[in-house]
Amino acid sequence: MKINFSLLCAVLMIPMIFFVPIIYTQAFPSRHTEKHLVEMIIALLTGILCWIFFGYFESFQVGSGNALPIISQTFSPVMFVQLDFFLYALVMFTGTAITKHSWNFFLIFVPVWTLLVYAPIANMMWSKTGYLAQLGALDFSGGLVVHLTAGLTSLMIAFSIRRPPNDERSTNPTLEYIAILFVITGWFGFNLAPAGSFQNYGNLIVTNTLIAIIAATFGWLIPLADHDQPIKLNDVVNGILVGLVTSTAAVGYVSPLSIGIITLLSGLICHLATDLMNRTNRFYDAVDSFTINGVGGLIGTLGLIFLADTKVNPSGANGLLYGDFHFAKIELIAIVIISVMTILGAALSLLATNILSLRKD
């Protein structure tokens, strides 16, 4: 049943991943929709090849004594789940990159980024022999490994992009509504998959995921209510995404009340951060990936540092609220290491891509 559960979660995530590009195309003029969809699909397909040839090995088998495989002969359900996590990280920063870069950019950037950023970090955090895992760092379903890495990568890409003079957006609320429905549905697979079976805190994870969606959405809407501004569908979608992203680090380690507090604050902070980012011309992130994924993943991890509770999940840890300063120190070390590795790795990936593609920028 454990294998079947993992397979079900993995299959549930696939439509979610491929509907994210639909949401992202709403940030661009409708005449560019087909072009951007092609670019993001090529990025995802390139990522799948990377995962099969070397990504999974580097993420979970380096340090275990296994020989380097040319290609996996058995695509296990667990490998499928981890592929989905990887693809979600990848699709988030592609939304930022397509403002400037075409599909051939991803043919180089994705493999290099996988090699230098995602796989080493996944190995340190989620592999049994990983450095941060052995220290006792926690990340239930990817607040650090998936979302912080993707968000910081988006920020690095955004530094080379300037805001267009006319920030025109598509307007297809029905399509956006359908897309976020698939994202919500798939996210239950996203948050449940690391549990291995529904008996392992499945009720808690489902409850926390639902509360995260609601609390973060209301948190995102607070600044709009304060300024008496109309609520748009994009505001609700962003709030939902923030809740889902923020939930990932702590969803299996904290109580429903705690996840509500964490995600309510995250919704508010991420909205303010997005407004601040959108007022600068120093960089441009059309899909707000850094402020939703990077900031949201960070806030979720900080919430875990304060509110983790072994009464909720004995395999977790106690946070600062329950007097465990050692776990807080370990988790802060994980944040720093992952942030530095991502920033440096993303910068090197961009440099390598520019050199190999003979770009001058």
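Every read-out reported here was derived from the displayed coordinates using simple, explicitly stated rules and does not represent laboratory data. Predicted model, so just to flag it, every value in this text is computed and none were measured. Here the Cβ positions follow ideal geometry from the backbone for every residue, glycine too, while neighbour counts run over all protein chains shown.
Simple rule: put +1 on each Lys or Arg Cβ and -1 on each Asp or Glu Cβ in the chain, find the dipole, and look at A328, L257, L356; the Cα lying farthest toward the positive end is L356. Springs between Cα atoms under 10 Å define the GNM used for the chain, and in it the highest mean-square fluctuation of D228, D275, D139 occurs at D228.
Highest mean first, the peptides 242-249, 131-138 sorted by other C-beta atoms within 10 Å per residue fall in the order 242-249, 131-138. Counting neighbouring beta carbons within 10 Å and listing from fewest to most, the residues C270, C9 come out as C9, C270.
Projecting the Cα atoms of A317, G239, A158 onto the charge dipole of segment 2-356, computed from C-beta unit charges around the Cα centre, puts A158 farthest toward the positive end.
For segment 262-279, backbone phi angles converted through the Karplus equation (6.51, -1.76, 1.60; θ = phi - 60°) give residue-by-residue couplings of 4, 6, 4, 5, 5, x, 5, 5, 5, 5, 5, 5, 5, 4, 5, 4, 6, 9 Hz, Gly and Pro being listed as x. Distance between the modelled labels on L344 and N234, one decimal in nanometres: 3.7 nm (7 Å Cα→Cβ projection).
This ranking places S127, S141 by how few other beta-carbon atoms lie within 10 Å of each, fewest first, which gives S127, S141.
Which parts of segment 91-115 would a label at H32 reach, counting a residue when its backbone N lies under 18 Å from a point 7 Å out along Cα-to-Cβ? Taking a point 7 Å out along Cα→Cβ of H32, the residues of segment 91-115 whose backbone N falls under 18 Å are 91-106.
For segment 152-160, the Karplus equation 6.51 cos²θ - 1.76 cosθ + 1.60, evaluated at θ = phi - 60°, returns couplings of 5, 5, 4, 5, 5, 5, 5, 5, 9 Hz by residue, with Gly and Pro reported as x. Contact order, relative form, for segment 244-361: 26 percent (alpha carbon pairs under 8 Å, 6 or more residues apart, mean separation divided by residue count).
Using only side-chain charges placed at the Cβ, +1 for Lys and Arg and -1 for Asp and Glu, the dipole size of segment 276-361 relative to its Cα centre rounds to 260 debye.
Segment 312-361 to segment 209-287: how many Å between their Cα centroids? Segment 312-361 and segment 209-287 have Cα centres separated by 21 Å.
Its DSSP H runs of at least 4 residues, each contributing -39,500 (n - 2.57), put the calculated 222 nm mean residue ellipticity of the chain at -21500 deg cm²/dmol, to the nearest 500. Dipole check for the chain: with +1 at the C-beta of Lys and Arg, -1 at the C-beta of Asp and Glu, and the Cα centre as origin, the magnitude is about 500 Debye. The HN-Hα couplings worked out from phi for segment 18-30 by the Karplus form 6.51 cos²θ - 1.76 cosθ + 1.60 (θ = phi - 60°) are 7, 8, 4, x, 4, 5, 5, 5, 5, 8, 10, x, 4 Hz, whole numbers, x standing for Gly and Pro.
Taking every alpha-carbon pair under 8 Å whose residues sit at least 6 apart, the chain reaches a relative contact order of 24 percent.
A value for P(r) over Cα pairs in 20 Å bins from 0, in percent was derived from the coordinates, and within the list (i) 32, 61, 8, 0; (ii) 29, 55, 15, 1; (iii) 24, 36, 22, 15, 3 it appears as (i).
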